[in-house]
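A.B. asks: The structure's right below; bear with me while I get my questions together.
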Amino acid sequence: MSIAPLPAGPDGEAGGPRHVAIIMDGNGRWAKARGLPRSAGHRRGADAVKRVVKGAGELGVPCLTLFAFSTENWQRPADEVRDLMGLLRHYLRSEIEELRKNGARLRVVGSREGLAADIVEDIARAEQSTRGNTRIDVNIALNYGSRDEILRATRRLAEQVKHGEIAPEAIDERVFERELQTAGLPDPDLLIRTSGEQRISNFMLWQCAYAELVFVDTLWPDFGKEHLERAIGEFRRRERRYGGVG
Ligand code: IPE
Ligand code: IPE
Ligand code: MG
């Protein structure tokens, strides 16, 4: 199956999606099924990230967000957290050239608090050196939790109100969104979760208000361009009504 390239313009609605977000899940189960340590699943998951970033660019998806590490994932065993951070370091250092080739502009969303200083530097460097790329926006959600994000936004707005910089009644959706870590990104219109789990796990609760949800059984390390293409096909068959009557 092959689908036409997606429109890259602001009117993505006809074809779309303009923004695909993916909850990459199932690395551990992929490894377990093969009698391998979870770290092997994460390594293969990192390969899937490279495939999907390339595939999304080829399919004309203008914006892709990948959930890589949640604020809750710190609860995992220390060696697993270390493995995940190691893979991330490796990705940020080794993929810049590939991202450039794919025309990908990288942005990391999530809190920098709690991340190792060298990773924070790697993030800044990777964002800086891919800034001029215009084919696809690739966002990695790292140390990201939607409730955390919403609370931080709320606190900042409360401070602004306290200092008389903004009136409470001036806080509307647009103002609120400016304070979110995803400021400037369109809302995801397609949210994919792999591995058969059907939950949001604290991902973009505000932004996914009207996202179409597609759950696939494929484990993340097995996910590729063809799976993405299929999910986009499913998305395009949906009727989006936004509370109206269609
Ligand atoms: C996704 O795979 C990667 C992260 C959440 C960091 P998991 O590690 O959650 O894999 P399962 O769900 O245990 O199979
Ligand atoms: C969600 O997956 C977080 C990421 C994909 C980074 P989890 O595997 O952590 O979610 P739960 O624990 O199954 O809800
Ligand atoms: Mg999981």
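The values are calculated or read from the model by the stated rules, or taken from the named source; none is laboratory data. No experiment lies behind these values; they were computed from the predicted model shown. Positions of Cβ are generated from backbone atoms using ideal geometry, with glycine treated the same way; all protein chains shown enter the neighbour counts. With ligands, DNA and RNA removed, areas are computed over all heavy atoms of the protein, side chains included. Shrake-Rupley method; radii C 1.70, N 1.55, O 1.52, S 1.80 Å.
A.B. asks: Tell me, please, whether a residue that is in contact with a Gly (Cβ under 6 Å, 6 or more places away or on another chain), at pLDDT 95 or above and open to solvent by 70 Å² or more (accessible area, probe 1.4 Å) can be found in the stretch 48-58.
C.D. replies: So far as the stretch 48-58 goes, yes, one or more of its residues are in contact with a Gly (Cβ under 6 Å, 6 or more places away or on another chain), at pLDDT 95 or above and open to solvent by 70 Å² or more (accessible area, probe 1.4 Å).
A.B. asks: Enumerate the pairs (first residue in the stretch 184-203 and acidic (D, E); second residue anywhere and in a strand (DSSP E or B) and open to solvent by less than 50 Å² (accessible area, probe 1.4 Å)) with beta-carbon separation below 6 Å, excluding pairs fewer than 6 apart on the same chain, so at least 6 apart or on different chains.
C.D. replies: D189/H19
A.B. asks: May I ask you to list the residues in the stretch 106-131 that are within 16 Å of ligand 1 (Cβ to nearest atom) and open to solvent by 50 Å² or more (accessible area, probe 1.4 Å)?
C.D. replies: Hit for the stretch 106-131 is G114, nothing else.
A.B. asks: Keeping to the stretch 68-96, report how many residues are without any contact (Cβ under 8 Å) to a residue 40 or more places away in the chain and not charged (D, E, K, R).
C.D. replies: So the answer is 10.
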